[in-house]
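Please treat every number below as a calculation from the coordinates, not as lab data. Remember, it's a predicted structure, so these values are computed and weren't measured experimentally. Note that we place each Cβ from the backbone using ideal geometry, even for glycine, and neighbour counts take in every protein chain shown.
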Amino acid sequence: MPNWCFGTVHVTGRPGDIENFCKLFIFTEDEGNRSKEDSQFFARSFAETSWDSFKKAYLGGTDADFTINFAWSAYSCLINGYPDGGKLITLVDACKQYGVDVVIDTEEPGMGFEEHMECTREGVLVDTSKDMPTYKCECGSEQWIPSNYDPDDEYCYECGKIGKWLPEVENEDSRVKS
């Protein structure tokens, strides 16, 4: 059973190019229907909705913002092409093929890391990953809280108290590639 990494994806470009790029994600009607020989999709990158619903909700302009669920990490799905390595399309190849710019921010609460990716239509990739900040509650329990969340709005999983977190550790980037 994989850990799930949840991410927001921001795509900019011409409307038709954005639509073609977005078709590379796996939609509910695609689950179990995409063959290993079909290299034109992103590995383990699930939209959790039908294509028609997605298209209606997010597409039509020169940019699109939406959420995708990645098995393990966005890096393993979009850069490594998990599980078939070079067989599946990568983010770099997709951005070049469809002429779009993409920014992705993810969080994986089970393992406590965050990712940030930027890829240009020319295929220039900036990819960073870091551990989520660890906060300590008044009850003594420690938990990860994503850096884009306000700790004062978050509750402790142990005692249920909200806010008043003290940062436990400052973590450095664990993966930086460009």
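Below are the figures for this structure:
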{"item": "³J(HN,Hα) computed for each position of segment 103-119 - Karplus, 6.51 cos²θ - 1.76 cosθ + 1.60, integer Hz, glycine/proline x", "result": "10, 10, 10, 10, 9, 10, x, x, 9, x, 10, 10, 10, 9, 10, 9, 9"}
{"item": "Amide hydrogen neighbours beyond the local backbone of I145, cut-off 5 Å, H modeled", "result": "Y135"}
{"item": "Linear extension gain, D52 paired with D150, 0.36 nm per residue minus alpha-carbon span", "result": "31.9 nm"}
{"item": "Approximate spin-label separation T67-T12, in nm, with each point projected 7 Å along Cα-to-Cβ", "result": "2.4"}
{"item": "In nm, spacing of pseudo-spin labels at K164 and S39 (7 Å Cα→C-beta vector)", "result": "5.8"}
{"item": "Long-range HN-HN contacts of E154 with modeled amide H, under 5 Å", "result": "G163"}
{"item": "Cβ charges +1 (Lys, Arg) and -1 (Asp, Glu), total dipole of the chain, debye", "result": "600"}
{"item": "Gap separating the Cα centres of segment 85-144 and segment 23-64, nearest whole Å", "result": "19"}
{"item": "Derived scalar couplings ³J(HN,Hα) [segment 148-163; Karplus, 6.51 cos²θ - 1.76 cosθ + 1.60; whole Hz; x for Gly, Pro]", "result": "8, 9, 8, x, 5, 9, 9, 9, 7, 5, 7, 10, x, 5, 10, x"}
{"item": "Neighbour-count ranking [beta-carbon atoms within 10 angstrom, fewest first] of L24, L91", "result": "L24, L91"}
